[in-house]
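What follows is a single structure, written as structure tokens, with notes after it.
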Amino acid sequence: MGLRSKDILALQEMTWEDMQLILDTADSLREIISRPIKKVPTLRGKTIVTFFHEPSTRTRTSFEIAAKYMSADTASITASTSALTKGETLKDTAYSLEAMGVDCLIMRHGVSGSCHFLARHVNGSVINAGDGTHEHPTQGLLDMMTIRRHKGRLAGLKVAIVGDVLHSRVARSNIWGLTQAGAEVVLAGPATLLPEQMPGLTVPAYTSIEDALRDADVVYVLRLQRERQAKGLLPSLAEYARNYSINRVRLALAKPDALLMHPGPMNRGVEISSEVADGERSLIVEQVTNGVAVRMAILYLLLGGAA
Amino acid sequence: MASQVKATIMDPEGVRRALFRIAHEIIERNQGVADLVLVGIRRRGVPLAGRLQAIIREIEGREVPLGILDITLYRDDLTSRLEQPLVRGTEIPFSIQRRTVVLVDDVLYTGRTVRAALDALMDLGRPQQIQLAVLIDRGHRELPVRADYVGKNVPTSRREEVSVRLEEIDGEDMVVIEQLPHDVEVDADGAA
């Protein structure tokens, strides 16, 4: 038993068997998060570095907490305080970290493919915590875990991913993961925020949100990435909210027992209304808990066995 | 694995009688079952703990809480095993604080599984007492561990494997000794 690769880079490259192993392990480990003593000794003596070139609260904290619950040691580097500002290349930074005995590098970077580049140059494990607009595999896995815990399965479910698909690495990881799991994925958003096509995949995309939501088992709302807009893709936030915000009326188009999810951080009143975000169908808080469990599982599977 | 059965140690009746006696010993030694909880170690300790619970219910008319312990995360051989063990999870939905925990497993061998189980339990709280019940004690301890309740003591060689088969998992109740191929030695208390 074990994962096929030393790295977690993209769900596009991961087999469904490996995803299932991660999800099953995460389901088993989740109980540790609610214990009075939240620590198991499994990864004693392993060292993990988080290396973030873009801002993050939840993903980075989630990885660090997951590592600590498993008894690994952690250190963190932010791009703005690292030697990268002195002109050091990514490769040289990685070599230095490896020379210090780091077992696993967790990186977020603005350039798509940067984690693949890193993984080719180090012997230790690399985990992609988000690379450009490419993928965010651990987010995809935690979302799959959340859906599976509530629906008992993924195959045959209809998942509507709505909003700023174009800029979303979260959407990409979810699309690759969910389709491999046998779910039906549909996209919805303004034409300017839908990708033209995704190589190797045909997923229906609608500009009318109503069409996408009909009979959906899961409504997955994406964050409108205001920091990546700037190119006049949207007339105004108000107009976006009017046509695409998920509120009580639109959520009612999905199945009566549909789940509502969002990767965070939310722009309340833009892509999602507070009423539904805090409502009874919302799993947004549970997604965060499951994120810790999925990352504990990945760290165990990558670092917890024979070297 | 190409191993062959050398001897049968217990038949279904033998398993039933041993568990019945152990249940009586547990009740006698603890003067009832008031503060008692049963925790089965995955995998075959779990159905055994379930059966002890049922026998105690018959004798005392009381339901003793039953938990499941997965010791995978506490193993001392994770980095030396070729195959990474699956984590199946601990399910102890009650507090073990100040309770008497009876830990249940099928075979006591090196004692390493029990060591891991003790650490795992301590992380869940501070029991008043931990006792150990096993169906088979086959010797060859590598740690200072002993059982409080033993179904049967069976002298073995390291070249042999004690295989406990249970109805719930294997479709039959049976304990047999198997001879391993010459170049193989059993490590630890068998696989998790």
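The values are calculated or read from the model by the stated rules, or taken from the named source; none is laboratory data. Everything numeric here is computed off the predicted structure, so don't read it as measured data. Heads up, the Cβs are rebuilt from the backbone with ideal geometry, glycines too, and the neighbour counts pull from every protein chain shown. When the accessible area is computed, the model is the full protein with side chains, heavy atoms only, and any ligands, DNA or RNA have been set aside. Shrake-Rupley method; radii C 1.70, N 1.55, O 1.52, S 1.80 Å.
General observations
- Of residues in the stretch A:1-16 being at pLDDT 90 or above and over 19 Å from residue A:104 (Cα atoms), the one most open to solvent (accessible area, probe 1.4 Å): A:13
- Check on residue A:215, at positive phi and assigned to a loop (DSSP other than H, G, I, E, B): yes
- Selection within the stretch A:117-147 - within 14 Å of residue A:177 (Cβ to Cβ) and touching a Gly at 6+ places or on another chain (Cβ under 6 Å): A:136, A:140, A:142, A:144
- Residues that are surrounded by 15 or more Cβ atoms within 10 Å (Cβ to Cβ), away from every other protein chain (no Cβ under 12 Å) and over 16 Å from the mean Cα position of the chain (by Cα), drawn from the stretch B:60-116: B:60, B:64, B:65, B:99, B:100
- If only residues of the stretch B:117-127 that are at the interface with another protein chain (Cβ under 9 Å from one of its Cβ atoms) and open to solvent by 50 Å² or more (accessible area, probe 1.4 Å) are counted, the one that is nearest to residue B:139 (Cα to Cα) is B:119.
- The stretch A:22-43, residues that are open to solvent by 60 Å² or more (accessible area, probe 1.4 Å) and either more than 10 Å from chain B (Cβ to nearest Cβ) or of a type in the set (Asp, Glu) (or both): A:24, A:34
- Residues of the stretch A:1-23 satisfying the condition of being touching a helix residue (DSSP H, G or I) at 6+ places or on another chain (Cβ under 9 Å), free of Cβ contacts under 8 Å to residues at least 40 places away in the same chain and among the acidic types (Asp, Glu): A:13, A:18
- Residue check, residue A:55 surrounded by fewer than 15 Cβ atoms within 10 Å (Cβ to Cβ), more than 14 Å from chain B (Cβ to nearest Cβ) and at pLDDT below 95: yes
- Criterion (assigned to a loop (DSSP other than H, G, I, E, B) and among the charged types (D, E, K, R)) met by exactly one of A:223, A:250: A:223
- Which listed residue, of B:105, B:70, B:76, B:35, is among the acidic types (Asp, Glu), touching a Gly at 6+ places or on another chain (Cβ under 8 Å) and farther than 28 Å from residue A:17 by Cβ: B:105
- Restricting attention to the stretch A:285-307 and to residues that are open to solvent by 20 Å² or more (accessible area, probe 1.4 Å) and assigned to a helix (DSSP H, G or I), the residue that is nearest to the other protein chains (Cβ to nearest Cβ) turns out to be A:302.
- Residues of the stretch B:33-59 classified as away from chain A (no Cβ under 14 Å), open to solvent by 60 Å² or more (accessible area, probe 1.4 Å) and among the basic types (Lys, Arg), total: 1
- Flag if residue B:138 is in contact (Cβ under 8 Å) with a residue 24 or more places away in the chain and surrounded by fewer than 20 Cβ atoms within 10 Å (Cβ to Cβ): no
- Residue match in the stretch B:68-79 (condition: aliphatic (A, V, I, L, M) and either part of a loop (DSSP other than H, G, I, E, B) or over 30 Å from residue A:298 (Cα atoms) (or both)): yes
- Single residue of A:240, A:206, A:244 found to be open to solvent by 50 Å² or more (accessible area, probe 1.4 Å) and more than 14 Å from chain B (Cβ to nearest Cβ): A:206
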